[in-house]
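Some notes on the structure that comes next.
The values are calculated or read from the model by the stated rules, or taken from the named source; none is laboratory data. Predicted, not measured: the structure shown is a model, and the values here were computed from it. Here the Cβ is made from the backbone with ideal geometry for all residues, glycine too, and neighbour counts use every protein chain on show.
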Amino acid sequence: MREIPSVTAIRAEGLAFDYGRERGLDGVDLEVAAGERFAILGPNGGGKTTLFRILATLLKPARGRAAIFGHDVATSADAVRRALGVVFQAPAVDRLLTVRENLDLQGALYGVRGAALQREREALLDRFGLADRFRARAGTLSGGLLRRLEIAKALLHRPRLLLLDEPSTGLDPQARADLWQALDDQTRRDGTTVAFTTHLLDEGDRSDRVAILDRGRVVALGTPDALKAEIGRQVLVVAVEAPGDPGLRAEVERLTGHPAREAEGRILLDAPDGARLVPLLSEALGGRIGGISLSRPTLFDVFLRRTGHRFDAAPPQDFRGAGDAA
Amino acid sequence: MSRAAAATLALAGRETRRFFRERSRVTGALLQPVLFWAFFGAGLAPSFHLGGGIAYGAYLLPGIVVLVLLFTAIFSTISVIEDRREGFLQGVMVAPVPRGAIVAGKILGGTILATAQAGLALLLAPLAGVPLSAAAFAAAVAFCFVLGFGLTSLSLAIAWPMRSTQGFHAIMTVFLMPLWLLSGAFFPAEGVPRWLGLLMRADPLAYGVAALRRILMPLPGVPAAADAGATAAAVEIGLTFLFVVAAFCAAVAVTRRRDGALPG
């Protein structure tokens, strides 16, 4: 892993936000070092987008503080905005304008003009594979290209921190991979800090560090490897056949000799000797179980261990802003 | 040029570019005033008997021009309702540009479009029997720019905090359209019931319509009437400026609030 420099790009302390009576964020503490690639991972309704909007200076925190490179998001919005490149989940390019016009408009907003504008524009168009669509209306681009234009736009003024909300939503796996490749090339070269929200595990895995958010709280924070190492080397998952088979967990513990936990119709245990246990359990428990699987721990397992519920089954909270309740 | 000014101009340029790329908007903008004036003017002329021998088509013309300003203002600002939550404006709002500059850009763009269309509507004047000198045309266009800026500001101030375009349509029906109906654009205040007369006097748009009518149709007459006319014109133009400044301040104030309570 790369050495993490000591400058702090993002610092959040006790950050909280409510939507009416609903808790959007409930005391979030985290710190992101300059140059890191940082994932904010969580299910819908976990508070990801609320955190994103506070860091992007669009929402004021109800309680707590957040600072970007030392500038408070609530009181020094202008300094924060200079340091930030922001990519929203919903497209923020103007579809009726051409690729070039969109970038030029961004230049006007960020004070990039003349020779500098031309240089940055051309470099970004090349890097993001948009050079031949220079004169095309943004509305005619494919989803993948449109997202690249969004990111190129956000990088035009060479921000110190690139903040993205679910950047790969709606992209197919190939477009996603291409997008991250182009983004990596550009940001690693410039030393840009990248913080992004996602509900995709592999995007969390590919980050330097990840914060897992659930119901407005950070339930896990660290490098993906360190978080998974807490679980053990292998996870054995036993699917319960009949809901409410009360003795099953004790039975599994007795047979395997490992402590087990139960959540959402599944029994989980950290089992370094899992390969030996699979046939043993299937023979002993037969019809009482729906299946057994053995895998390396994932961030899902980390989530399950920390919250007691499954990642995809986390109850979505009732945010009224439909489609961006995350 | 300061960054704020550059941002304002770039955003205003965006508004006008978008307009010309949406063909239906261009066609609608050209046809709308002609149709309104033709239908209302021809339809209502037989029922109206105005003093001074003014034909109804001529009376209605300044009102139609103001209606064009109002409609263009509404159509160019209604997009912010979705745009600021789910689109282009989100990106603009996180840029290091003062809100005032962003708002000014949006309003300036809408005003340019409104003024251009009002200018086209003014070309109906000869058909309405209103002789239009180059000087009167220039003065009317300049005045339309000022009034259009106020109406676009007002419309933006209303649209900004809205959650849905349906909500805006409701406000349009119960507030913006009556603002126009009671402005003297459609019928004069003389002889209306007292309550209606009071409402018409309280309507800030009334002074804009009156001023525009005065620019287009200066009353011929005795020096005393001309003096009184000059005083009235000063009052009308002064009140119109007051309205424009107030509307712009309201628009800036509304957009400065960060969404504390609004989700999303």
### Any hit, segment B:176-188, residues being within 24 Å of B:ALA42 (Cα to Cα), at pLDDT 90 or above and among the hydroxyl-bearing types (Ser, Thr, Tyr)
yes
### Query
So which strands (runs of 3 or more DSSP E) are wholly in segment A:246-311 and hold at least 1 residues that are crowded, with 19+ Cβ neighbours inside 10 Å and among the acidic types (Asp, Glu)?
A:266-270
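Name the residues in segment B:3-38 that are small (Gly, Ala, Ser), within 11 Å of another protein chain (Cβ to nearest Cβ) and closer than 30 Å to A:THR140 by Cα, would you?
Taking segment B:3-38 as the starting set, the residues that turn out to be small (Gly, Ala, Ser) are B:4-7, B:10, B:12-13, B:24, B:28-29, B:38.
Then drop every residue that is not within 11 Å of another protein chain (Cβ to nearest Cβ), which leaves B:4-7, B:10, B:12-13.
Within segment B:3-38, B:ALA6, B:ALA7, B:ALA10, B:ALA12, B:GLY13 meet the criteria.
Please tell me if B:PRO62 is in contact with a Lys or Arg (Cβ under 7 Å, 6 or more places away or on another chain) and either of a type in the set (A, V, I, L, M, F, W, C) or not in a loop (DSSP other than H, G, I, E, B) (or both). Give the derivation first.
On the way: in contact with a Lys or Arg (Cβ under 7 Å, 6 or more places away or on another chain): yes; either of a type in the set (A, V, I, L, M, F, W, C) or not in a loop (DSSP other than H, G, I, E, B) (or both): yes.
For B:PRO62, the condition - in contact with a Lys or Arg (Cβ under 7 Å, 6 or more places away or on another chain) and either of a type in the set (A, V, I, L, M, F, W, C) or not in a loop (DSSP other than H, G, I, E, B) (or both) - is met.
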### Task
Identify the residue in segment A:46-91 that is facing chain B (nearest Cβ under 9 Å) and of a type in the set (D, E, K, R) and, among all such residues, is farthest from the chain's Cα centre (by Cα).
A:ASP78
### Task
Take the residues in segment A:18-45 that are within 13 Å of chain B (Cβ to nearest Cβ), buried (at least 22 other Cβ atoms within 10 Å of the Cβ) and assigned to a strand (DSSP E or B), then tell me which one is modelled with the highest pLDDT.
A:LEU25
### Message
Anything in segment A:112-137 that is part of a helix (DSSP H, G or I) and within 13 Å of chain B (Cβ to nearest Cβ)? List them, or say none.
### Response
A:GLY114, A:LEU117
## Note on the structure
In segment A:92-111, anything surrounded by fewer than 19 Cβ atoms within 10 Å (Cβ to Cβ), touching a Leu at 6+ places or on another chain (Cβ under 9 Å) and either at the interface with chain B (Cβ under 9 Å from one of its Cβ atoms) or in a strand (DSSP E or B) (or both) is listed as A:ARG95
### Query
What are the residues in segment A:185-198 that are surrounded by fewer than 18 Cβ atoms within 10 Å (Cβ to Cβ) and in contact (Cβ under 8 Å) with a residue 60 or more places away in the chain, if any?
A:GLY191
### Task
Mind listing whichever residues of segment A:159-177 are out of contact with any strand residue (DSSP E or B) (no Cβ under 8 Å at 6 or more places or on another chain) and touching a residue at least 60 places away in the same chain (Cβ under 8 Å)?
A:THR169
### Query
Got a number for residues in segment B:66-90 being buried (at least 24 other Cβ atoms within 10 Å of the Cβ) and either within 14 Å of chain A (Cβ to nearest Cβ) or touching a strand residue (DSSP E or B) at 6+ places or on another chain (Cβ under 8 Å) (or both)?
2
### Summary
Scanning segment A:224-244 for residues that are touching a strand residue (DSSP E or B) at 6+ places or on another chain (Cβ under 9 Å) and crowded, with 16+ Cβ neighbours inside 10 Å gives A:PRO224, A:LEU227, A:ILE231, A:GLY232, A:GLN234, A:VAL235, A:LEU236, A:VAL237, A:VAL238, A:VAL240
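Given B:GLY41, B:GLY63, B:GLY57, B:GLY53, which one is away from chain A (no Cβ under 14 Å), surrounded by fewer than 16 Cβ atoms within 10 Å (Cβ to Cβ) and among the small types (Gly, Ala, Ser)?
Working: B:GLY41 fails: surrounded by fewer than 16 Cβ atoms within 10 Å (Cβ to Cβ); B:GLY63 fails: surrounded by fewer than 16 Cβ atoms within 10 Å (Cβ to Cβ); B:GLY57 fails: surrounded by fewer than 16 Cβ atoms within 10 Å (Cβ to Cβ).
Every option except B:GLY53 fails the conditions.
Could you tell me which residue of segment B:189-209 is nearest to B:HIS49 (Cα to Cα), considering only residues that are without any contact (Cβ under 8 Å) to a residue 12 or more places away in the chain and part of a helix (DSSP H, G or I)?
First pass over segment B:189-209, keeping only residues without any contact (Cβ under 8 Å) to a residue 12 or more places away in the chain: B:191-195, B:197-198, B:202.
Okay, now just the ones that are also part of a helix (DSSP H, G or I), so B:194-195, B:197-198, B:202.
Numbers: B:ARG194: 20, B:TRP195: 22, B:GLY197: 19, B:LEU198: 22, B:ALA202: 25 Å.
Among residues in segment B:189-209 that are without any contact (Cβ under 8 Å) to a residue 12 or more places away in the chain and part of a helix (DSSP H, G or I), the one nearest to B:HIS49 (Cα to Cα) is B:GLY197.
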### Query
Among the residues of segment A:273-294, how many are of a type in the set (S, T, N, Q) and in contact (Cβ under 8 Å) with a residue 40 or more places away in the chain?
1
### Message
Exactly one condition in (1) assigned to a helix (DSSP H, G or I); (2) at the interface with chain A (Cβ under 10 Å from one of its Cβ atoms) is false for B:PRO96; which is it?
### Response
(1)
### Task
Mind listing just one residue for me: the one in segment A:82-91 that is in contact with a helix residue (DSSP H, G or I) (Cβ under 7 Å, 6 or more places away or on another chain) and not in a loop (DSSP other than H, G, I, E, B) and, of those, farthest from A:THR50 (Cα to Cα)?
A:GLY85
